[in-house]
Each structure stands twice: as C-alpha cells, then as structure tokens.
Amino acid sequence: MRRDVFQAIADPIRRDIIELLAEKTLSVNSIVEKFDISRPAISKHLKILKECKIIDYKKEGRERFCFIQPKNLIPAFMWIEQYRELWENKLDSFDRYLTKLQSKTNQDE
C-alpha cells in the first residue's frame with residue numbers, strides 16, 4: 001500500500017506524534033510514555049509516519065530516536081493553504097453578521 005502525507009495526518013494520534021516531534025527529537029520509549037495506548041499501537045503509528053516520510057529514525061546505542069522531516073509536510077500545508085482565504089472570508093462574514101446582530105440587540109434594549 002502506498003501511503004502519503006494525508007494518510008499520515010488523518011489520525012489524531014499521528015498528528016499528536018508529529019506535534020511532539022516538531023518540538024524535539026524523542027526516543028520511541030519517550031513517545032510511548034506520552035500516550036495511553038499500547039506500545040504496538042504507537043509502533044504502528046510510527047511505521048505509518050515513516051512510510052509517509054514524515055519521520056525518520058536514528059539509532060544511538062540500543063535506543064531509536066524519532067525526528068521529524070518537516071519538508072515532507074509541505075504538500076498538506078499547500079493543500080490546506082489554498083482554502084485559508086476562503087475560510088477567512090467566511091469567518092469574517094460571520095463575525096460581521098454577529099456584530100450586526102449584537103448591535104441590533106443593544107438598540108432594542
């Protein structure tokens with residue numbers, strides 16, 4: 001199965017792992033300790049992130065450390081970015097509507 005960045009970020013656990021690794025490189029054990037799910041489940045998530053080239057490993061002694069490959073998140077960022085203006089316009093319009101309603105309510109009082 002060919003995986004891509006969108007599959008990597010589709011799962012909330014994987015998004016949490018990405019967020020952790022965006023701050024610093026962590027050992028697999030350190031990552032496991034941050035979640036209330038089994039080590040095999042975390043290993044599966046790490047495997048998917050590795051297949052999607054979002055993370056990579058470096059081995060130091062007997063420990064494997066995970067680090068992020070941020071450039072491989074660019075396709076997802078670019079896809080999301082194209083909708084940013086649309087959502088900003090919608091939210092601005094909604095904000096104006098709420099302000100108008102609030103103003104009307106204040107006038108009626």
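Since every read-out is calculated from the coordinates, none of them should be taken as a lab result. Predicted, not measured: the structure shown is a model, and the values here were computed from it. A quick note on method: Cβ atoms are made from the backbone with ideal geometry, for glycine too, and the neighbour counts reach across all protein chains shown.
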Next item on the list: Quote to one decimal, in nm, the extra length available between SER43 and LEU101 on full extension: 0.36 nm per residue of separation minus the C-alpha distance between them.
Entry: 15.8 nm
Margin query: Quick check: residue separation of PHE94 and GLU33 times 0.36 nm, minus the Cα distance between them. What number comes out in nm?
Written below: 17.8 nm
Checklist line | Charge dipole (debye, nearest 20) of the chain; +1 at Cβ of Lys and Arg, -1 at Cβ of Asp and Glu | finding: 740
Next item on the list: Distance from a point 7 Å along Cα→Cβ of ASP11 to each backbone N in the range 26-45: keep the residues under 14 Å and list them by number.
Entry: 32, 35-45
Next item on the list: Return the subset of LYS47/LYS71; LYS24/LYS44; LYS34/LYS58; LYS50/LYS90; LYS34/LYS71; LYS24/LYS53 for which the Cα-Cα distance in this structure is over 29 Å, preserving the input order.
Entry: LYS50/LYS90
Note to self: Stokes-Einstein diffusion coefficient for the range 48-109 at 37 °C in a medium of 0.692 mPa s, Rh from the Kirkwood formula over Cα pairs: what value in µm²/s?
What the structure shows: 208
Next item on the list: For an R0 of 22 angstrom, estimate the FRET efficiency from the Cβ-Cβ distance between LYS24 and GLU81 and round to the nearest 0.05.
Entry: 0.30
Next item on the list: In Å³ and rounded to a whole number, note down the convex hull volume per residue for the Cα atoms of the chain.
Entry: 155
Item checked: 3J(HN,Hα) from dihedral phi, the range 34-42, Karplus parametrisation 6.51/-1.76/1.60, rounded to Hz, x for glycine, proline -> 7, 10, 9, 10, 5, 4, x, 5, 5
